[in-house]
């Protein structure tokens, strides 16, 4: 998703629809593995986790220094675990 998402932004409406469908399926799978809160709250946490993971990985891949990339990776991993509850 980290490399696909920026490409989808420039794609056709049909591609946007297919992307939304798949991402919604992924979010539903993630939400299904979460505990606590309502179904709506778990889905919101799943979207937050996906956003942190996908966005964070994009940033980590874009920086020059391996130490900074690792710092980012650690931060996003910790944020995802926290969001999972």
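General remarks:
- Region 4-84: relative contact order as a whole-number percent, Cα under 8 Å and 6+ apart: 24
- Helix-only mean residue ellipticity at 222 nm for the chain, each DSSP H run of n ≥ 4 adding -39500 (n - 2.57), per residue, nearest 500: -27500 deg cm²/dmol
- For P(r) over Cα pairs in 10 Å bins from 0, in percent, the candidate list reads [x] 17, 40, 32, 11, 0; [y] 15, 49, 33, 3; [z] 17, 44, 34, 6, 0; the entry that matches the value derived from this model is [x].
Bear in mind that the values in this text are calculations on the coordinates, not laboratory data. Because the structure is a prediction, the values reported are computed rather than measured.
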